[in-house]
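Written out below as structure tokens is the structure these notes cover.
Derivation of every value follows stated rules applied to the coordinates shown; laboratory data play no part. Note that the structure is predicted; figures quoted are calculated from it, not measured. Using ideal geometry, Cβ is built from the backbone for each residue, glycine included, and neighbour counts are taken over all protein chains shown.
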There are 2 protein chains.
Amino acid sequence: MDKDAFFWKIVHGELPPPRAAEVLSIKFTAIDSDAGTIEVEFFARPEFTNPAGNIQGGFLAAMLDDTMGPALAATLAAGQFAPTLNLNVSFERAAKVGPVLGKGRVLKKGKDVCYLAGELYQEGQRIASATATALIKAAAP
Amino acid sequence: MDKDAFFWKIVHGELPPPRAAEVLSIKFTAIDSDAGTIEVEFFARPEFTNPAGNIQGGFLAAMLDDTMGPALAATLAAGQFAPTLNLNVSFERAAKVGPVLGKGRVLKKGKDVCYLAGELYQEGQRIASATATALIKAAAP
């Protein structure tokens, strides 16, 4: 880990958390940048529900993006960032208002192209899974 | 179109809009249920930004889900709903705070399995595209 990377500055309170992460009530509960794994807690708010009263799939996609992105961000050097190019989500069970556990991992970290995977759980059951492709870039100075 | 279907009841103000749609500031600007196409306006809020100040990809995924879902919902009969099984999003350009135009269409409406496609635009440029698979089900009575 590079403690000057933006991810670790956020974790250590030296930079504010991104606003998108605040909307999702994100909390990092375990980060292992050597293994490329992360565990994250979210809260699925009543404002995220669809006409059936379940959490709209798109907000689960947002949580998965915010699980897999940090798994990779924790491994980046200062001055690097890694936008998501593609996100593929499978919705496995209806999700309810309440806490959501996210588990993310870096499947492969290439020189620039990276492959990521993540899952969401509620009450011990997997509700959604995803893979993503991200590209490491140099941040503008 | 079936004016007793939940989608049309929402459009006609007989049912409240889903809360997830309110968070995304959704407005339907064109609906053609015979063609299976829809145009939707969203507003990408400052709360949806990532550390780079762009809109977090997951919230674009949420908008795409809320573009493609209604394209199909507009064609359903009363008592039917169609959860998204899988959502595959490509992020083509950085998205900024501001209005977003969504265009969705039903690629194939089967007896139960449906294939959908959608794109998002900002200032005339495509920022993201997606495909989705949805399954038509009978709502619980």
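Couple of notes before you dig in:
- All conditions in (1) part of a helix (DSSP H, G or I); (2) more than 7 Å from chain A (Cβ to nearest Cβ) hold for B:A35, with the sole exception of (1).
- Counting only residues that are in contact with a Pro (Cβ under 9 Å, 6 or more places away or on another chain) and in a strand (DSSP E or B), the stretch A:78-87 holds 1 of them.
Rundown of residues vs (1) more than 13 Å from every other protein chain (Cβ to nearest Cβ); (2) in a loop (DSSP other than H, G, I, E, B); (3) in contact with a helix residue (DSSP H, G or I) (Cβ under 9 Å, 6 or more places away or on another chain), yes/no style:
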residue	(1), (2), (3)
A:P16	no, yes, yes
A:S25	no, yes, no
A:V89	no, no, yes
A:P99	yes, no, no
A:K108	yes, no, no
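- You will find that of B:A44, B:A35, the residue that is within 27 Å of B:E123 (Cα to Cα) and over 15 Å from the mean Cα position of the chain (by Cα) is B:A35 and no other.
- The lone criterion from (1) surrounded by fewer than 20 Cβ atoms within 10 Å (Cβ to Cβ); (2) assigned to a loop (DSSP other than H, G, I, E, B) left unmet by A:P51 is number (1).
- One residue stands out among those in the stretch A:65-85 that are buried (at least 18 other Cβ atoms within 10 Å of the Cβ) and within 7 Å of chain B (Cβ to nearest Cβ): the one that is nearest to B:K137 (Cα to Cα), which is A:D65.
- Single match in A:A61, A:A95 (criterion: assigned to a helix (DSSP H, G or I) and in contact with a strand residue (DSSP E or B) (Cβ under 7 Å, 6 or more places away or on another chain)): A:A61
- Boolean, A:F7 is surrounded by fewer than 22 Cβ atoms within 10 Å (Cβ to Cβ) and either touching a residue at least 12 places away in the same chain (Cβ under 8 Å) or not in a helix (DSSP H, G or I) (or both): no
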